[in-house]
Amino acid sequence: MSHTILKKEHELGLGGVAIGAAFANVTDEQAHEILQAAWNDGIRYYDTSPWYGLTKSEDRFGKFLSGKNRDEFVFSTKIGRLFTPVPKEEVPPVMWKNPYNFDFRHDYTADGTKKSIEESLKRTGLDHIDIVFVHDLSEDQVGDRYDFFLKQAKEGAFKVLSDLRSQGVIKAWGMGVNKIEPILDCIEVADPDICLSATQYSILEHEDAVDRLLPAVKKGGVKLVSGAGYNSGFIGGRDRYNYKNVIPKGMVEKRDQIAAIARKYNTDLITAALHFVLAADEFASIIPGASSVEQVNSNLKAWKSDLPVEFWKELKAEGLIYEKAQIPE
């Protein structure tokens, strides 16, 4: 089960969105340097998806990890889209800078799932994938086709992934989504081990997850990995929030208030954000992305830092953290 796959040393992983050139045109050389810095820092959990950079991120992770001892790291990728090569001028408009030349379609069928995993293995050159996430089966990605694709996944992807797990081909599977509902829906009809929850649980915004998501995964014996625990860079000072350019009302002020209290305790917002997520029993890992070596190193430094209990108590007293949220002991 999932809890034996992601151990204490995997609490800090590396997410592959930035390596796929989401926010800046990260070059092959820069990607290699980022991955090398993560490896040198002892990071041994890597998460990516064929979606990132239209297969670019997977390709880069594969090239980097090819010479490494396969038992030394945990690797997760995702299913849910299939990719077809197209001429450069036919690449659809996407968020990725300079993506590879592919078009894509959503596919959560049994055959589509098997094909996606086969292609990921070929692309990365790895002999197995540890964790497979069912990617973006969520209304924010598939819109009003959510029910259609959920039915497809119930009859297809969910069954295939459980079968592959029982055969020992993969070690664990679950949802990889930006919303709470798909995780709840999956737990209701299938037996996932671990889900990647992005944008739902951060130091800035977590009330709904505390009330609905965490009790459900706890009851289902499912662990969580945190994607976008920094609200896709907003916590680090970027002018975007959860992959969008619209900042929710009041969020800048809230960020600044928490940052000011953090400074009082000689720490910073990144350190607070990382420890806040990992304080919840349900979270096995947090996987911030990095578009520079400096970001990798700052994440490691944050992970290894301790924060005083008084800091958390003050945030709660000021109403900046939900009173029911777990805080570090």
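The values are calculated or read from the model by the stated rules, or taken from the named source; none is laboratory data. All values derive from a computational prediction rather than experimental measurement. In this analysis, Cβ positions are derived from the backbone assuming ideal geometry, glycine residues included, and neighbour counts consider all displayed protein chains.
Residues to consider are Asp28, Asp47, Asp41; find the one that is in contact with a strand residue (DSSP E or B) (Cβ under 7 Å, 6 or more places away or on another chain) and within 17 Å of Val296 (Cα to Cα). Can you show your working first?
Details: Asp28 fails: in contact with a strand residue (DSSP E or B) (Cβ under 7 Å, 6 or more places away or on another chain); Asp41 fails: in contact with a strand residue (DSSP E or B) (Cβ under 7 Å, 6 or more places away or on another chain).
Answer to the check: Asp47.
When you look at Ala302, is it among the aliphatic types (A, V, I, L, M), outside any helix (DSSP H, G or I) and buried (at least 16 other Cβ atoms within 10 Å of the Cβ), yes or no? Full working, then the answer.
On the way: among the aliphatic types (A, V, I, L, M): yes; outside any helix (DSSP H, G or I): no; buried (at least 16 other Cβ atoms within 10 Å of the Cβ): yes.
Here the answer is no, as Ala302 does not meet what is asked.
If you scan the stretch 1-24, which residues turn out to be buried (at least 24 other Cβ atoms within 10 Å of the Cβ) and either in a strand (DSSP E or B) or free of Cβ contacts under 8 Å to residues at least 40 places away in the same chain (or both)?
Listed by number, the residues that qualify are Leu14, Gly15.
Would you point out the residue of the stretch 305-318, among those that are assigned to a loop (DSSP other than H, G, I, E, B) and in contact (Cβ under 8 Å) with a residue 40 or more places away in the chain, that is nearest to Phe75 (Cα to Cα)?
Per the criteria, the residue is Leu307.
Going by what's in this entry, would Gly236 be described as crowded, with 22+ Cβ neighbours inside 10 Å and within 18 Å of Ser291 (Cβ to Cβ)?
So Gly236 does not fit the description; no.
Quick test of your reading of the structure: Gly168 fulfils all but one of (1) modelled with pLDDT under 95; (2) surrounded by 16 or more Cβ atoms within 10 Å (Cβ to Cβ). Name the failing condition by number.
Looking at each condition in turn, Gly168 falls short on (2).
Quick one: Gly289 ticks every box in (1) over 15 Å from the mean Cα position of the chain (by Cα); (2) closer than 30 Å to Ala21 by Cβ; (3) not hydroxyl-bearing (Ser, Thr, Tyr) bar one, so which box is it?
So the condition that Gly289 fails would be (1).
Kindly indicate whether Asp127 is over 14 Å from the mean Cα position of the chain (by Cα), touching a residue at least 40 places away in the same chain (Cβ under 8 Å) and buried (at least 20 other Cβ atoms within 10 Å of the Cβ).
no
Results for (1) basic (Lys, Arg); (2) at pLDDT 95 or above; (3) in contact with a strand residue (DSSP E or B) (Cβ under 6 Å, 6 or more places away or on another chain), shown as yes or no for each residue.
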| site | (1), (2), (3) |
| --- | --- |
| Gly237 | no, no, no |
| Arg240 | yes, no, no |
| Tyr243 | no, no, no |
| Val252 | no, yes, no |
| Asp256 | no, yes, no |
| Ile261 | no, yes, no |
| Asn266 | no, yes, no |
| Leu269 | no, yes, no |
| Ala280 | no, yes, no |
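Scan the stretch 100-113 and tell me whether some residue there is farther than 25 Å from Cys195 by Cβ, touching a Gly at 6+ places or on another chain (Cβ under 8 Å) and buried (at least 22 other Cβ atoms within 10 Å of the Cβ).
The answer is no, given that none of the residues of the stretch 100-113 is farther than 25 Å from Cys195 by Cβ, touching a Gly at 6+ places or on another chain (Cβ under 8 Å) and buried (at least 22 other Cβ atoms within 10 Å of the Cβ).
Being assigned to a loop (DSSP other than H, G, I, E, B), over 26 Å from Phe133 (Cβ atoms) and modelled with pLDDT of 95 or more: is that true of Ile321 here?
yes
Cβ contacts < 9 Å: first residue more than 16 Å from Ala18 (Cβ to Cβ), restricted to the stretch 217-235; second residue modelled with pLDDT under 95 and not small (Gly, Ala, Ser), any location; separation 6+ or different chain. Result?
Pairs found: Gly221/Met1; Gly221/His3; Lys223/Met1; Lys223/His3; Lys223/Ile5.
Residue by residue through the stretch 185-205, note down the ones that are of a type in the set (A, V, I, L, M) and either touching a Leu at 6+ places or on another chain (Cβ under 7 Å) or assigned to a strand (DSSP E or B) (or both).
Matches in the stretch 185-205: Ile194, Leu196, Ala198.
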